[in-house]
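The values are calculated or read from the model by the stated rules, or taken from the named source; none is laboratory data. Nothing here was measured: the structure is a model prediction, and the numbers come from that model. Glycine also receives a Cβ, built like all others from the backbone with ideal geometry; neighbour counts cover every protein chain displayed. Note: accessible area is taken over every heavy atom of the protein model, side chains too, but ligands, DNA and RNA are not part of it. Shrake-Rupley method; radii C 1.70, N 1.55, O 1.52, S 1.80 Å.
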Amino acid sequence: EDWSRRTGGPASGKRILLAESSTFSRGLIRSGLDMAGYRVVEAANLEEVIRVLEQEPVDVVVAALDLPPDGSSAVLAAMRQRPEWQAIPILALADSLDQIQGRAGRPMDCEDFQVKFDREAMLESVARLAAALEPAGMAPAAS
């Protein structure tokens with residue numbers, strides 16, 4: 001399937017919070033999410049993630065493992081402290097497959113892990129996480 005030709009479909013209207021400190025990486029990741037039909041809100045650090053979550057609903061958080069100050073684990077910890085954010089799935093993005101494999105045997109602190117620049121795997125994971133919310137009776141984020 002050609003990801004660059006996707007418009008509409010199941011991604012339409014789903015809001016993704018992209019948390020990545022690198023402007024370059026954020027731009028590349030966002031382009032894939034935009035082309036897949038997601039509405040993307042960006043954050044460059046944990047403080048911005050919290051600000052976005054307080055201001056608007058999101059369906060999935062996509063956060064870099066190295067997001068300042070303490071990585072995606074800090075995002076997860078902050079989100080799990082607030083009942084209204086606890087059910088939002090988190091996809092953690094690693095710089096390399098080695099970084100993900102290094103997590104083997106450690107507790108899973110996010111719903112999924114993917115390599116940042118594997119666009120197809122990332123989009124499949126986001127779609128799966130966003131779709132998993134609906135059968136549980138959770139409405140998607142308001143437009």
Report task. Scan (1) modelled with pLDDT of 95 or more; (2) open to solvent by 50 Å² or more (accessible area, probe 1.4 Å) for the single condition A19 breaks and write down its number. Result -> (2)
Query raised in the report: M35: open to solvent by 30 Å² or more (accessible area, probe 1.4 Å), at pLDDT below 90 and of a type outside the set (F, W, Y), yes or no?
Result: no
Query - Leading residue by the ranking (nearest to A130 (Cα to Cα)) among those in region 40-59 that are open to solvent by 40 Å² or more (accessible area, probe 1.4 Å) and touching a residue at least 40 places away in the same chain (Cβ under 8 Å) - result: P57
Report summary line: Expected single match for within 24 Å of E120 (Cα to Cα), crowded, with 17+ Cβ neighbours inside 10 Å and within 11 Å of the chain's Cα centre (by Cα) among L93, L67 is L93
Requested in this report: Consider only pairs whose beta carbons are under 9 Å apart and that are at least six residues apart or on different chains; among these, list those whose first residue lies in region 74-86 and is buried (at least 19 other Cβ atoms within 10 Å of the Cβ) and whose second residue is among the polar types (S, T, N, Q).
Outcome: M79/Q86
